[in-house]
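Participant: Provided herewith is a single structure, encoded as C-alpha cells, for subsequent inquiry.
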Amino acid sequence: MKKIITLGLVLALAAIAPQAISSEVNVYSARKEALIKPLLDRFTDQTGIKVNLVTGKADALLKRLTSEGANSPADLLITTDAGRLHRAKSAGVLQPVSSTTLNNTIPVSYRDPEGYWHGLSVRARVITYVKGKVTPDQLARYEDLADATWKGRICIRSSGNIYNQSLVASLLEANGEEATQAWANGMVGNMARKPKGGDRDQVKAAAAGVCDLAVVNTYYLGAMINSDDEKQREAAAKVAILWPNQEGRGAHVNVSGAGVTQSAKHREEAIRLLEFLVSEDSQAWYARVNHEYPVREGVEWSDTLKQWGQFKADNLNLSRLGINNPEAVRLMDRAGWK
Amino acid sequence: MPGRNQRITAALLPWRVSIVTTTLLLALPVLVVVSYGLLPAGEVWRHLADTVLADYVSNSLLLMLEVATGTLLIGVSTAWLTTMCRFPGRALFEWALLLPMAMPAYIIAYTYTGMFDVAGPVQSALREWLDLSYGDYWFPEIRSLGGAGIMLSLTLYPYVYLLSRAAFLEQSVCVLEVSRTLGNGPWQTFFRVALPLARPAVVAGLSLALMETLADYGTVQYFGIGTFTTGIFRTWFGMDDSAAAAQLSTTLLLFVFTLVLLERWSRRRMRYHHSSQRHQSLPGFVLRGHQKMGAILICSGALFFGFLLPAGQLLFWAIETRNMIDSSFLQLTLNTVGLAAGTALLALLLALLMGYGKRLIPERLTSASVRIAGMGYAVPGTVIAVGVMLPLAWIDNSLDSLMREHFGISTGLLLSGTLIALVFAYLVRFLAVSLQTVEAGLGKIRQTIDESARSLGARPGEVLTRIHLPMLKGSLLTALLLVFVDVMKELPATLVLRPFNFNTLAVRAFELASDERLMDSSSAALAIVLAGIIPVILLSRSIRHSRAQHDLST
C-alpha cells in the first residue's frame with residue numbers, strides 16, 4: 001500500500017512538474033503587451049518557438065524573479081529602462097550572454113559591458129518649447145532649465161517617474177551632487193504647476209498655455225503627432241523639439257532592453273529571441289509603431305523621427321543610471337520635487 | 001458542571017483551531033512585509049523625516065477626511081432616501097446608486113482629467129467662447145488633493161450606501177414609530193434613532209472606504225500627491241530600500257489598527273440588536289414639493305457624477321476606438337469574471353467561519369484573530385503581492401530541493417506563478433470586505449436566538465446554517481458582490497502574480513491607460529463596468545426581495 005502511494009505521489013509530481021519542452025521561451029516583460037506581443041507572435045511564426053508572456057511593472061517582476069530564485073520559469077526579462085536592468089544584474093538574476101550578432105548590432109553604450117543585458121530600442125528625454133513663445137536660441141542644455149528666466153514656465157511630471165529619476169541620475173554623473181542639487185532646486189522653482197500627469201499631459205498643458213517648456217520622452221510626442229485624436233495632434237503641433245546639450249555630452253537617452261535570466265531553462269531560445277528583437281524587421285517595427293529609435297544602424301526611421309532629425313546622444317554607459325538612481329530620488333525629495 | 005463546560009470547549013475546539021489557522025495563513029504576507037521592517041533602515045528614515053514624511057502623513061490624513069465626509073454625506077443620505085422615503089425614480093435609484101462601485105477609482109480619475117483638465121474639452125471650449133487664455137480665469141483643479149478626494153468619494157460611497165441601506169431596511173418599524181409618537185419629527189427620528197441604530201453598518205462601510213483610500217495608488221500617483229502608498233513605492237523601488245518601505249507599511253498598519261480600536265472603544269459595551277421583530281413594511285414618508293426635488297437631485301447627482309458622466313465618456317471613447325475590441329476580449333472577460341466569482345465565494349466562506357467563530361467564542365484570541373485577518377485591506381496590493389510571493393517561493397523551493405534530494409526529481413514551482421497564489425493574495429486583501437459585511441449582519445441578530453437554539457440541542461454549525469444563514473441572506477449577497485467587484489477592479493497584485501499568458505480586463509485597461517492611451521483603454525474599462533452591473537442589479541433585487549418576503553410571511 002505504502003509503495004503504491006509513494007509511486008502515485010511521484011507520478012503526480014512528475015506530471016505537474018514543468019516539462020522542459022525545448023520549443024518554448026518564457027518572458028517577463030515590463031514592456032506592455034501591446035508593445036511587445038506583436039513582435040513575439042512574429043517570432044513564433046518564424047521559428048515555431050512558443051512564447052509565454054507575463055507583463056507587469058519592472059520592479060514587481062524583478063521581485064518575482066528574485067523570490068522565485070533558481071526555479072523561476074522565466075528565461076528573459078524585458079524592461080523599459082536601463083536602470084532596472086542594472087538592478088536585475090546586481091540582484092544576480094541575470095546571466096551573461098555572448099553573441100556575435102548582438103555584439104555587432106548593438107552599440108557599446110547601449111549594452112552591459114559584461115553582456116548581462118542588451119538594449120533593444122532607444123528613447124531620448126528632450127525639452128519641447130511652444131512655438132512662437134520661445135525661440136530655440138534661448139536655451140541649449142538641461143542645465144539651463146534651472147535658470148531664473150524660466151520661472152513659472154516649465155511643465156514636467158513627478159519625481160516618482162523613472163524617466164525623471166534617470167534624467168537626474170545622468171545629471172548627477174555629469175555635474176556632481178552639489179550642482180545637481182542646485183539644479184533641482186532651481187527646476188522646482190521654475191515649475192508652472194505642481195507636477196502631475198504623464199508626459200503627454202505636459203505637452204497638452206504647454207499647448208493650452210500653462211507653460212512654455214515641457215520635458216518629455218520622444219516617443220510620447222511621436223504618438224501624439226500620429227494620434228487618431230485630433231486634439232492630440234493639434235497640441236503636438238504647437239510644440240517643437242529642442243535637442244539638449246548638443247554642444248556637450250548630448251541628449252539624455254535611455255533604452256528598453258532585455259537580459260537572459262540566471263535560471264533560464266531555455267537559454268538558447270531566449271538568445272534567439274534577443275537576436276530576433278534586434279533584427280532589421282523588429283527594429284523597424286519599434287520605430288514605426290512606437291516612434292522609438294532603433295539600436296541597430298541603418299534601419300529606416302519613421303517619418304516623424306526623420307523630421308526631428310539627427311541628434312547627438314549622451315554616450316554615458318547606462319548602468320550608471322541604475323547606480324545613481326537612489327541618490328537621484330533623495331535629491332529630488334530634498335528639492336521638494338513632488 | 002465542570003463536565004459540561006469541558007464538553008462545550010471540546011465542541012468549540014475545531015472552530016478555534018480553524019480560526020487561528022486561517023488567521024495565521026492570511027496574516028502571513030503582511031507579517032513577512034512587517035518582518036522586513038525589523039532590518040535596520042539606515043539613514044533613509046532620517047532622509048524621509050527631513051523631506052517628505054510630513055507631506056505623506058498630512059496628505060493621507062486629509063484625503064481620509066475628505067473621503068470620510070464625502071462618502072458619509074452621499075452614502076447615508078441616499079440610503080435613507082431610497083429606503084424610507086417615496087419619490088419618483090426611487091425604484092431606479094435603489095440599484096443604480098450602486099453602479100459607481102463597478103468603476104475603478106483610477107479609471108474615473110483618468111476620465112475626469114480627460115474632461116476637465118486645462119487641455120480638456122471643457123476648459124478649451126471655455127477659453128474659445130470667452131476668448132480667454134490660461135491664467136485669466138479660475139477653474140477648479142481636478143488633479144489636486146481635493147480632486148482625489150472627490151474621485152475616491154464618488155467611487156467609494158456605494159460601500160456606505162450599501163451597508164447603511166441594509167441596516168435601514170432591517171430596522172424595526174416599531175422603534176421608528178415610537179420615536180415619532182414621542183414627538184420626534186422625521187429629521188429627529190433619523191438623527192436620534194435610525195442613524196445611531198445603523199451605526200455599526202455605517203462604520204463598517206466607512207472603514208472599508210477609508211481602508212481602500214489608504215491603499216489607493218493609481219489615483220494619487222496620477223494626480224501627483226505624495227501619500228503613504230506613493231511613499232512606500234518610492235522608498236522600496238526608487239531608493240531600493242525594502243526595510244524603510246516595510247517600516248512605512250508597518251506605520252500605515254499601526255495607524256489603521258489604532259483607528260479600528262478607537263472606534264471599538266467608543267462603542268464599548270453598546271449592542272445593536274433588534275429590539276423587536278420587523279414584521280411590518282417600512283413607513284415610506286411620501287415626499288412633496290421641495291423635499292421631492294431635493295431627494296431627486298441628491299440621488300441623481302450621485303448617480304450622474306459617479307457613473308453616468310464617466311461611463312458616458314468611456315462609451316464615447318470606446319465607440320471611437322472600437323477596433324480595440326478584438327477576439328481576446330471574450331477570454332479576458334471570462335478570466336476576470338471567473339477569478340472574481342471564485343474568490344468572492346471563498347472569501348464568503350472564510351468570513352462566515354471567522355465572523356461566526358468570533359460570536360461563538362467571544363474571547364480575546366478570536367476577536368484579535370478576526371481583526372488581524374482583515375488588516376490586509378489597507379495594505380497596497382503590490383505590498384501584499386510581495387508578501388505572498390516570498391513565502392510561496394520559499395515553500396516551492398524548499399519542496400523542490402527536498403524532492404531532488406530524496407527522489408531525484410525536480411518539482412519546480414508548484415504554487416508560485418499560479419492562480420492559487422493570485423487567489424490567496426486576493427483573499428488576504430479583500431477578506432476584510434466580506435468579513436465586515438458578515439459581522440455587521442451577525443451583530444444585528446440577538447445572542448438570545450443562538451442561546452435558544454443551542455439550548456434546544458442545535459450544534460454550533462447548525463445554528464449557523466439553519467438560523468443565521470437564512471436571516472443573513474442580504475448580508476451574504478452583499479459580501480459576495482463587494483468582493484466580486486473588488487477583485488474585478490484589482491490591479492497591482494494581479495499584475496505581479498498572474499500566470500503566463502493570463503490577462504484580465506483590469507490589466508488590459510491599465511496597460512493602455514498607463515501608456516497614456518486613455519481612449520484605447522476605454523473599451524476594457526467599460527467591460528469591467530458592464531460585468532459589474534449584472535451582479536449589482538441581482539443584489540439589489542434580492543435585498544429588496546428579502547424584506548418583501550419578510551413582510552409577506554406575517
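Participant: Among the residues of the stretch A:150-162, write down those that are within 16 Å of A:Met191 (Cβ to Cβ) and either more than 9 Å from chain B (Cβ to nearest Cβ) or among the hydrophobic types (A, V, I, L, M, F, W, C) (or both).
Facilitator: Once the filter is applied, which keeps residues that are within 16 Å of A:Met191 (Cβ to Cβ) and either more than 9 Å from chain B (Cβ to nearest Cβ) or among the hydrophobic types (A, V, I, L, M, F, W, C) (or both), the stretch A:150-162 yields A:Trp150, A:Lys151, A:Gly152, A:Arg153, A:Ile154, A:Cys155, A:Ile156, A:Asn161.
Participant: Does B:Leu297 fit the bill of being surrounded by fewer than 19 Cβ atoms within 10 Å (Cβ to Cβ), over 25 Å from the mean Cα position of the chain (by Cα) and not charged (D, E, K, R)?
Facilitator: Judged against the criteria, B:Leu297 is a match.
Participant: A further question on this structure: Using the structure shown, decide if A:Gly189 is part of a loop (DSSP other than H, G, I, E, B), outside the structural domain of A:Tyr286 (by TED's automatic domain parsing) and out of contact with any Asp or Glu (no Cβ under 9 Å at 6 or more places or on another chain).
Facilitator: Criteria not met by A:Gly189.
Participant: Are any residues in the stretch B:170-188 among the small types (Gly, Ala, Ser) and within 29 Å of the chain's Cα centre (by Cα), and if so, which ones?
Facilitator: B:Ser172
Participant: Quick check on the stretch A:34-83: of everything there that is in a strand (DSSP E or B) and facing chain B (nearest Cβ under 7 Å), which residue is surrounded by the fewest Cβ atoms within 10 Å (Cβ to Cβ)?
Facilitator: Among those residues, the one meeting the criterion is A:Asn52.
Participant: Those residues that are among the acidic types (Asp, Glu) and part of a loop (DSSP other than H, G, I, E, B), I need them from the stretch B:10-55; list them, please.
Facilitator: Listed by number, the list holds a single entry, B:Glu43.
Participant: Across the stretch B:479-513, which residue is nearest to B:Ala440 (Cα to Cα) among those that are part of a helix (DSSP H, G or I) and of a type in the set (Phe, Trp, Tyr)?
Facilitator: It comes out as B:Phe484.
Participant: Check B:Ser416, B:Ser398, B:Ser452 and return the single one that is within 14 Å of chain A (Cβ to nearest Cβ) and surrounded by fewer than 16 Cβ atoms within 10 Å (Cβ to Cβ).
Facilitator: None of the others qualify; the one that does is B:Ser398.
Participant: Return yes or no: is B:Gly381 touching a residue at least 12 places away in the same chain (Cβ under 8 Å), within 11 Å of chain A (Cβ to nearest Cβ) and under 15 Å from the mean Cα position of the chain (by Cα)?
Facilitator: Against the criterion (touching a residue at least 12 places away in the same chain (Cβ under 8 Å), within 11 Å of chain A (Cβ to nearest Cβ) and under 15 Å from the mean Cα position of the chain (by Cα)), B:Gly381 qualifies.
Participant: So is B:Val529 surrounded by 22 or more Cβ atoms within 10 Å (Cβ to Cβ), at the interface with another protein chain (Cβ under 9 Å from one of its Cβ atoms) and not small (Gly, Ala, Ser) or not?
Facilitator: Considered against the rule, which asks whether it is surrounded by 22 or more Cβ atoms within 10 Å (Cβ to Cβ), at the interface with another protein chain (Cβ under 9 Å from one of its Cβ atoms) and not small (Gly, Ala, Ser), B:Val529 comes out as no.
Participant: When you go through B:Ala347, B:Ala311 one by one, which is the residue that is outside the structural domain of B:Leu464 (by TED's automatic domain parsing) and either surrounded by 13 or more Cβ atoms within 10 Å (Cβ to Cβ) or touching a Leu at 6+ places or on another chain (Cβ under 8 Å) (or both)?
Facilitator: It is B:Ala311.
Participant: Under 6 Å between Cβ atoms, at least 6 apart or on separate chains: pull out the pairs that start in the stretch B:208-224 with a residue that is under 14 Å from B:Ala68 (Cβ atoms) and end on any residue that is of a type outside the set (Lys, Arg) and surrounded by fewer than 22 Cβ atoms within 10 Å (Cβ to Cβ).
Facilitator: These pairs meet every condition: B:Leu210/B:Met64; B:Thr213/B:Met64.
Participant: Now, a different point. Those residues that are closer than 15 Å to A:Ala192 by Cα and under 38 Å from the mean Cα position of the chain (by Cα), I need them from the stretch B:123-145; list them, please.
Facilitator: B:Glu141, B:Arg143, B:Ser144
Participant: Quick one: B:Gln447 ticks every box in (1) at pLDDT 90 or above; (2) surrounded by fewer than 23 Cβ atoms within 10 Å (Cβ to Cβ) except a single one, so which number is it?
Facilitator: All conditions are met except number (1).
The values are calculated or read from the model by the stated rules, or taken from the named source; none is laboratory data. Predicted model, so just to flag it, every value in this text is computed and none were measured. Note: ideal-geometry Cβ built from the backbone for every residue, glycine included; neighbour counts use all protein chains shown.
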